[in-house]
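These notes concern the structure reproduced below.
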Amino acid sequence: MKPVLEVTKLTMDFGGLRALDRLDLIVQEGEIVALIGPNGAGKTTFFNCITGIYPPTKGEMFVYPNEGHPVSLKGLKPNQVTEKGLARTFQNIRLFPNMTVLENVMIGRHCRTKSGIVGAVIKDKRTRAEERKIVEDSYTILEKIGLTRYVNEFAKNLPYGAQRRLEIARALSTEPFLLLLDEPAAGMNPQETKALDALILKIRSEEKISILLIEHDMKLVMSLSDRIFVVDYGKKIAQGTPKEIQNDPAVIKAYLGEDIDA
């Protein structure tokens with residue numbers, strides 16, 4: 001296997017607070033990798049660094065597209081990171097509530113479109129063809145995610161679990177090779193969580209996408225993950241298979257043996 005994401009010695013300081021401390025992490029092609037740790041351990045900060053929201057204090061971040069040379073993420077803006085093949089969801093749902101389900105997914109296609117302002121104004125043949133394809137591709141994604149029944153509903157009217165799935169659909173519409181999921185099961189009931197588990201495995205197998213997730217639901221993490229990285233106070237304290245992590249004394253002390261709040 002080859003890496004799709006390689007992060008070395010990633011450090012993030014907020015004034016006198018060190019949120020990430022020389023953190024190393026690798027995601028291999030086709031893997032589902034989990035990043036876990038107690039509340040405030042630096043997990044979402046890590047996502048924000050590699051997706052261009054925060055410029056890290058130190059460290060290197062490289063992605064390896066399916067074709068081409070390694071690409072450094074340092075200095076890239078969030079939209080540029082998305083163009084390189086990374087897409088993410090957020091802890092707090094960030095849909096466009098007064099737009100339809102289809103329109104929310106279509107927005108994700110923006111980074112893969114070629115028509116500019118002139119094309120949008122004059123509506124030439126190429127622009128109209130591209131617009132039709134955006135609609136078709138977006139509907140296809142909704143079929144895969146199981147949301148076609150809501151295609152013309154406003155996003156704000158969807159059940160909570162469906163809104164979570166819509167965020168994943170919108171992320172997939174950017175054509176990523178690495179999908180970053182920040183607590184995708186947060187707020188879901190057991191039935192919705194079970195469906196999410198199946199969906200994530202389906203995305204990995206059918207779309208050939210690697211997945212890095214932050215999640216507090218340990219049952220979900222242990223059933224999905226090929227490897228797990230554990231952080232505490234911004235430092236990596238363990239990495240390994242789910243079985244290795246479950247039996248790691250440092251993890252049990254810092255995380256699994258205490259009240260869980262990822």
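A compact table of results
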item: Selection count where residues are outside any helix (DSSP H, G or I) and without any contact (Cβ under 8 Å) to a residue 24 or more places away in the chain, scope segment 132-165; result: 1
item: Residue that is nearest to Q163 (Cα to Cα), among those in segment 192-240 that are in contact (Cβ under 8 Å) with a residue 12 or more places away in the chain and hydroxyl-bearing (S, T, Y); result: T193
item: Strands (runs of 3 or more DSSP E) wholly inside segment 14-98 containing at least 3 residues that are buried (at least 20 other Cβ atoms within 10 Å of the Cβ); result: 17-28, 32-36, 86-88
item: Unmet criterion (only one of (1) at positive phi; (2) part of a strand (DSSP E or B)) for G187; result: (2)
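Only the coordinates and a few stated rules stand behind these numbers; no lab work does. Keep in mind that this is a model prediction, so the values were computed, not measured. Cβ coordinates were reconstructed from backbone atoms using ideal geometry, including for glycine residues, and neighbour counts include every protein chain displayed.
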